[in-house]
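Chemist: Mind looking over this structure? Questions follow.
The values are calculated or read from the model by the stated rules, or taken from the named source; none is laboratory data. Predicted model only: the values in this text are computed from it and were never measured. For neighbour counting, all protein chains shown are included, and Cβ atoms are generated from backbone atoms with ideal geometry for every residue, glycine included. Accessible surface is based on the protein model in full, side chains and every heavy atom, while ligands, DNA and RNA are left aside. Shrake-Rupley method; radii C 1.70, N 1.55, O 1.52, S 1.80 Å.
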Amino acid sequence: MSILIWTILIIAGAVVEGCSSGIHRSSEIIVYADHFRFSKNYHLLEPVRRFVEKLQTTAANQVTLQLNDYDFKNLNEYFGTHPGPVTFTPQREYVVDFINALKWRPPPGSARGSHILILLLDGYDPYTFMKPKIHKLQRAGVEIFAMWFKTIPDYNLWDIVSYPPRTHLYNMLEYPSPEQALSALARSVCRSIEGKEKHLKKALLSHVRLSDGGHHCRGRVELLYNNSWVWLNDLHWNRHGAEVICRQLGCGPSLDLMLGDTFGPGTGNVLEEVDCTGEEHDISQCLLGEWIERDPMRPQRSAGVSCLSSGFGNVQLVNGSGPCDGIVEVSLNNTWNRFCLWNFNLREASVVCKQMGCGPLVKIQEHVEGDVGPRRKIVEETHCSGSESQISECGLSVWSSKPCLHNIHAGIVCSTSAISKVALTGGNSACSGQVKVFHDSRWHLVPAFEWHVEEEAVLCRQLGCGFTIERSLVKEMQIRRDKDPLTDVRSIYCAGHEASLSKCGAVMSKGHECESGVAEVLCTQTDVSKVRLVGGETPCSGRVEVFYNREWGTVCDITWDLFDAAVVCRQIGCGAAQRAPGGGTFISGSGPIWLEHLFCNGTESSIAQCGGVISRNTMCDHSQDAGVICTDSL
């Protein structure tokens, strides 16, 4: 048995290759590497050691590399003859046993940091046996990345890493060198770490505009960075950043990106780089380069973009047998566009079913056709979380005018009936137990895989049971070899503010195996109804506190936004919410941090009508106390 000891590192500025300049974060990271690739070929560990070294700031803050091997004597000799700042911790367990033996809870004083597990795998372990424990680690706040070294992909790893897999799962063989593969992985780790600092990054890069293009959706990219307008260098400018800027400005998808001062040179200081995945909704969520003065000794040219003036509109299903099945089409610029099948998955399809007013997704179908016409564009890439209310809220790209591979477009079949009832069974009350949903005249269990606090919050609210209670505690687990329960429900995707699970995206799959166990929920059974503002300059500003369990406590800023702030302002009788600042704006509180998450859509009259998460082992600390600034009382 092994007990995982997390080592703390501080990631600051550009110490880690690819992290944003000027963003400081504390994180706990473990890198586990199995022996299959490195045993007897220890020189292959050098890129990994350099990767780990980049995840260090000082000698006092070091990442422990967990190495699995047959012969630690030889491994010790190698490290002895090849000294460096990176050491290793021997692991005799293979990865499945290693994962299942982990014990973890948020360490005192490190709650503000990210918790990351990186798996470097070259074996053929039965990863499916890790799924129940992996799910519990993810629920506890651990983000999981993996890199493998095989030509044949192991699709079980898609269920092991955190979502989305395309930014958490890497194949080293797809890169020219191990260094480039590990660099890409490091940048994704940076994204994860900085995701906890959205308020700080938004304050650093607060606005974006397009200049000298004749329209607000076309022009040179300029950003309000550190309270000064700067222009963007075109050296690393690509389609992903262009998509994010168009989305943030409320324009349609990007049509083209421009390099080389197309809209004239920028003036003043320059931001060297923004590195986006294309899924972000705000440019501040991307990795940010350095903000520097223009250097006349080297070429620096401005980046530009041209977006459609309007976004995606309605969606329809055509050539089907009824209103809930057919080929998916979405309107754009008064034309109907189809989706390329290869980047259209369950989450995207479930959003379309919801938007069409149908029930859960039943299946995705492929439709092969000839020429789609010279004027029709194809939606090449689609990225949804599944919780969106309509497909236009997802990340969509129409960059390629060529037909998608083999001209295969996406079609779907949705159920004509929604999830009509929910229940919790086997618990101590009607507000705790295993989750069951009623669909198509039958009760169904819900798999624990892809079941998160957002879905729990909706369920507790629907049952009239208050907020959900989250327990960030992971115990040791044994490998289960007994038969997993079967259900017809595969996934449910909520944003957290929906009134019922029927308003969420959902996927049905007959005879689906619950490899990660069955979803269980514990609700508070009582509402969190009282709220107050403390420490502000006016009665309508300050740190947000809620009354629960006969005591006032604070709210964490992890998911805190203007929609939540609007409800608080309304409940206390103030005017509209002007800002929803995170930690650091007002004096930090003391005592309990009751709400780890609050999910409001902004229209509720009180926070009791929102979804919420009470945490017994919170991942937050008082430096993350949420605040609000409202206009004066009405």
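Chemist: Would you please name the residue that is modelled with the lowest pLDDT, looking only at residues in the stretch 217-237 that are open to solvent by 50 Å² or more (accessible area, probe 1.4 Å) and either among the acidic types (Asp, Glu) or under 26 Å from the mean Cα position of the chain (by Cα) (or both)?
Modeler: Within the stretch 217-237, the match that is modelled with the lowest pLDDT is ASN226.
Chemist: From GLY611, GLY582, GLY573, which residue is in contact with a helix residue (DSSP H, G or I) (Cβ under 7 Å, 6 or more places away or on another chain) and farther than 16 Å from ASP557 by Cβ? Can you show your working first?
Modeler: Numbers: GLY582 fails: farther than 16 Å from ASP557 by Cβ; GLY573 fails: in contact with a helix residue (DSSP H, G or I) (Cβ under 7 Å, 6 or more places away or on another chain).
Of the residues listed, the single one that is in contact with a helix residue (DSSP H, G or I) (Cβ under 7 Å, 6 or more places away or on another chain) and farther than 16 Å from ASP557 by Cβ is GLY611.
Chemist: Going by the structure shown, is GLY591 farther than 29 Å from LEU463 by Cα and in contact (Cβ under 8 Å) with a residue 40 or more places away in the chain?
Modeler: Values: farther than 29 Å from LEU463 by Cα: yes; in contact (Cβ under 8 Å) with a residue 40 or more places away in the chain: yes.
Taking the combined requirement at face value, the residue satisfies it.
Chemist: Looking only at the stretch 502-524, count every residue that is under 24 Å from CYS431 (Cα atoms), more than 22 Å from the chain's Cα centre (by Cα) and of a type in the set (Ser, Thr, Tyr) and tell me the total.
Modeler: Qualifying residue count, the stretch 502-524: 2.
Chemist: Tell me which of these ARG347 doesn't satisfy, since it passes every other one: (1) part of a strand (DSSP E or B); (2) of a type in the set (D, E, K, R); (3) closer than 30 Å to GLU197 by Cα.
Modeler: Of everything listed in (1) part of a strand (DSSP E or B); (2) of a type in the set (D, E, K, R); (3) closer than 30 Å to GLU197 by Cα, ARG347 misses just condition (1).
Chemist: Whether any residue in the stretch 315-334 is more than 29 Å from SER211 (Cβ to Cβ), in contact with a Pro (Cβ under 9 Å, 6 or more places away or on another chain) and open to solvent by 10 Å² or more (accessible area, probe 1.4 Å) is what I want to check.
Modeler: Of the residues in the stretch 315-334, the ones more than 29 Å from SER211 (Cβ to Cβ) are 315-331.
From what is left, the residues that are in contact with a Pro (Cβ under 9 Å, 6 or more places away or on another chain) are 317.
Right, trim to open to solvent by 10 Å² or more (accessible area, probe 1.4 Å) and you get 317.
Within the stretch 315-334 (the criterion being more than 29 Å from SER211 (Cβ to Cβ), in contact with a Pro (Cβ under 9 Å, 6 or more places away or on another chain) and open to solvent by 10 Å² or more (accessible area, probe 1.4 Å)), the answer is yes, since at least one residue qualifies.
Conditions (1) part of a loop (DSSP other than H, G, I, E, B); (2) aliphatic (A, V, I, L, M), marked per residue:
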residue: PHE563; (1), (2): no, no
residue: VAL567; (1), (2): no, yes
residue: GLY582; (1), (2): yes, no
residue: GLY589; (1), (2): yes, no
residue: GLU604; (1), (2): yes, no
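Chemist: Another question, if that's okay. Would you say ARG166 is touching a Leu at 6+ places or on another chain (Cβ under 7 Å) and either open to solvent by 50 Å² or more (accessible area, probe 1.4 Å) or of a type in the set (D, E, K, R) (or both)?
Modeler: Details: touching a Leu at 6+ places or on another chain (Cβ under 7 Å): no; either open to solvent by 50 Å² or more (accessible area, probe 1.4 Å) or of a type in the set (D, E, K, R) (or both): yes.
Criteria not met by ARG166.
Chemist: Does HIS497 count as open to solvent by less than 50 Å² (accessible area, probe 1.4 Å), under 30 Å from ILE364 (Cβ atoms) and either modelled with pLDDT under 95 or not acidic (Asp, Glu) (or both)? Give the steps one after another, and end with the answer.
Modeler: Values: open to solvent by less than 50 Å² (accessible area, probe 1.4 Å): no; under 30 Å from ILE364 (Cβ atoms): yes; either modelled with pLDDT under 95 or not acidic (Asp, Glu) (or both): yes.
The answer is no for HIS497.
Chemist: Just the residues that are in a strand (DSSP E or B) and either small (Gly, Ala, Ser) or in contact with a Lys or Arg (Cβ under 7 Å, 6 or more places away or on another chain) (or both), please, taken from the stretch 285-327. Before you say what the answer is, go through the steps one by one.
Modeler: Filtering the stretch 285-327 for residues in a strand (DSSP E or B) gives 287-288, 291-292, 302, 304-307, 315-322, 325-327.
Scanning the stretch 285-327 gives LEU287, SER302, GLY304, SER306, CYS307, GLY320, SER321, GLY322, GLY326, ILE327.
Chemist: Here is a further query. For the stretch 1-105, please list each of the strands (runs of 3 or more DSSP E) lying entirely inside it that holds at least 2 residues being open to solvent by 20 Å² or more (accessible area, probe 1.4 Å) and at pLDDT 65 or above.
Modeler: On the way: elements: 8-12, 24-33, 65-68, 88-91.
It comes to 88-91.
Chemist: Out of the residues in the stretch 192-216 meeting the condition of being more than 29 Å from MET619 (Cβ to Cβ) and within 27 Å of the chain's Cα centre (by Cα), tell me which one is surrounded by the most Cβ atoms within 10 Å (Cβ to Cβ). Walk me through it before giving the result.
Modeler: Narrowing the stretch 192-216 to residues more than 29 Å from MET619 (Cβ to Cβ): 207-216.
Adding the requirement that they be within 27 Å of the chain's Cα centre (by Cα) leaves 207-209.
Values: HIS207: 14, VAL208: 20, ARG209: 14.
Looking at the filtered set, the residue picked out is VAL208.
Chemist: Further question: List pairs: first residue in the stretch 543-556 and in contact (Cβ under 8 Å) with a residue 24 or more places away in the chain, second residue of a type in the set (Ser, Thr, Tyr) and assigned to a loop (DSSP other than H, G, I, E, B) anywhere in the structure, Cβ distance under 7 angstrom, at least six positions apart or on different chains.
Modeler: Here the result reads CYS556/THR618, each pair linking the stretch 543-556 to a residue that is of a type in the set (Ser, Thr, Tyr) and assigned to a loop (DSSP other than H, G, I, E, B).
Chemist: Okay, next question. If you go through the stretch 463-472 one residue at a time, do you hit one that is at pLDDT below 90 and more than 30 Å from ALA101 (Cα to Cα)?
Modeler: Applying the first criterion (at pLDDT below 90) to the stretch 463-472 yields 470-472.
Those left that are additionally more than 30 Å from ALA101 (Cα to Cα): none.
The answer is no, given that none of the residues of the stretch 463-472 is at pLDDT below 90 and more than 30 Å from ALA101 (Cα to Cα).
Chemist: Quick one: would you say VAL189 is under 18 Å from ILE30 (Cα atoms), open to solvent by less than 20 Å² (accessible area, probe 1.4 Å) and either charged (D, E, K, R) or in contact with a strand residue (DSSP E or B) (Cβ under 8 Å, 6 or more places away or on another chain) (or both)?
Modeler: Details: under 18 Å from ILE30 (Cα atoms): yes; open to solvent by less than 20 Å² (accessible area, probe 1.4 Å): yes; either charged (D, E, K, R) or in contact with a strand residue (DSSP E or B) (Cβ under 8 Å, 6 or more places away or on another chain) (or both): yes.
Here the answer is yes, as VAL189 does meet what is asked.
Chemist: I'd like the residue in the stretch 586-629 that is modelled with pLDDT of 90 or more and in contact with a Pro (Cβ under 9 Å, 6 or more places away or on another chain) and, out of all such residues, is most open to solvent (accessible area, probe 1.4 Å).
Modeler: Among them, the one singled out is ILE629.
Chemist: Still on this model: Please indicate, with yes or no, whether at least one residue in the stretch 140-154 is within 22 Å of TYR493 (Cβ to Cβ), at pLDDT below 85 and in contact with a Pro (Cβ under 9 Å, 6 or more places away or on another chain).
Modeler: Yes, the conditions are met somewhere in the stretch 140-154.
Chemist: Report whether or not GLY535 is open to solvent by 40 Å² or more (accessible area, probe 1.4 Å), in contact with a strand residue (DSSP E or B) (Cβ under 8 Å, 6 or more places away or on another chain) and on the phi > 0 side of the Ramachandran plot. Let's see the steps before the verdict.
Modeler: On the way: open to solvent by 40 Å² or more (accessible area, probe 1.4 Å): yes; in contact with a strand residue (DSSP E or B) (Cβ under 8 Å, 6 or more places away or on another chain): yes; on the phi > 0 side of the Ramachandran plot: yes.
Yes: the conditions hold for GLY535.
Chemist: Out of the residues in the stretch 547-556 that are in contact with a strand residue (DSSP E or B) (Cβ under 7 Å, 6 or more places away or on another chain) and not hydrophobic (A, V, I, L, M, F, W, C), state the one that is most open to solvent (accessible area, probe 1.4 Å).
Modeler: As a first pass, look at the stretch 547-556 and keep what is in contact with a strand residue (DSSP E or B) (Cβ under 7 Å, 6 or more places away or on another chain): 548, 552-556.
Among the residues that remain, those that are also not hydrophobic (A, V, I, L, M, F, W, C) are: 548, 553-554.
Working: TYR548: 34, GLY553: 1, THR554: 0 Å².
Across the stretch 547-556, the extreme among qualifying residues is TYR548.
Condition check ((1) among the basic types (Lys, Arg); (2) at pLDDT 95 or above; (3) open to solvent by 20 Å² or more (accessible area, probe 1.4 Å)) across all residues:
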{"residue": "HIS367", "(1), (2), (3)": "no, no, yes"}
{"residue": "CYS404", "(1), (2), (3)": "no, no, no"}
{"residue": "SER420", "(1), (2), (3)": "no, no, yes"}
{"residue": "LYS436", "(1), (2), (3)": "yes, yes, yes"}
{"residue": "PRO447", "(1), (2), (3)": "no, no, no"}
